[in-house]
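**Q** Quick one: the structure is below, questions incoming.
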Amino acid sequence: MHTWQVSALPSAPQPSEIDTYRFPGARDIDEHAPCPPADTSDDYLLPSPDPNQRLPFALPAADKRRLDVHAALTTTGIPPLPGDLDAIKALCTLDDRTLTTVLR
């Protein structure tokens, strides 16, 4: 009769087991070296927009819905493809309440 020892937690992959095609810089990582401090010398905050410089027109409802659909698809990890534009255009003809339900 054979007895097998099974670990409850998987072991971390050894450096020789890391797929360098999926993780190109993985072999250069030294897990015992401290992280260098971040260089924030070139980081700056953008000034807030001037309300007087806004364009004087409102965005049509269908265009606002189209942007909402594109944003919802992109944030969920589904980038819209060129063939999806007809379906997105059809969704933009729906009223706000129905489109909100579809996006949810």
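The values are calculated or read from the model by the stated rules, or taken from the named source; none is laboratory data. No experiment lies behind these values; they were computed from the predicted model shown. Here the Cβ positions follow ideal geometry from the backbone for every residue, glycine too, while neighbour counts run over all protein chains shown. Heavy atoms of the whole protein, side chains included, go into the accessibility calculation; ligands, DNA and RNA do not. Shrake-Rupley method; radii C 1.70, N 1.55, O 1.52, S 1.80 Å.
**Q** Any residue in segment 63-88 that is without any contact (Cβ under 8 Å) to a residue 60 or more places away in the chain and in a helix (DSSP H, G or I) sitting within a Cβ distance under 7 Å of a residue that is open to solvent by 90 Å² or more (accessible area, probe 1.4 Å) and among the aliphatic types (A, V, I, L, M)? List the pairs, counting only those 6 or more apart or interchain.
**A** Here the result reads none, with nothing in segment 63-88 linked to a residue that is open to solvent by 90 Å² or more (accessible area, probe 1.4 Å) and among the aliphatic types (A, V, I, L, M).
**Q** Only one of Thr74, Thr93 is of a type in the set (S, T, N, Q), open to solvent by 90 Å² or more (accessible area, probe 1.4 Å) and either modelled with pLDDT of 85 or more or out of contact with any Cys (no Cβ under 8 Å at 6 or more places or on another chain) (or both); which?
**A** Exactly one of Thr74, Thr93 is of a type in the set (S, T, N, Q), open to solvent by 90 Å² or more (accessible area, probe 1.4 Å) and either modelled with pLDDT of 85 or more or out of contact with any Cys (no Cβ under 8 Å at 6 or more places or on another chain) (or both), namely Thr93.
Quick grid of which residues meet (1) surrounded by 11 or more Cβ atoms within 10 Å (Cβ to Cβ); (2) at pLDDT below 90; (3) aromatic (Phe, Trp, Tyr):
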| site | (1), (2), (3) |
| --- | --- |
| Gln53 | no, yes, no |
| Pro56 | no, yes, no |
| Lys64 | yes, no, no |
| Pro79 | no, yes, no |
| Gly83 | no, yes, no |
| Asp86 | no, no, no |
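**Q** Just to verify a result, which residue in segment 32-50, among those that are among the charged types (D, E, K, R) and open to solvent by 100 Å² or more (accessible area, probe 1.4 Å), is modelled with the lowest pLDDT?
**A** Asp39
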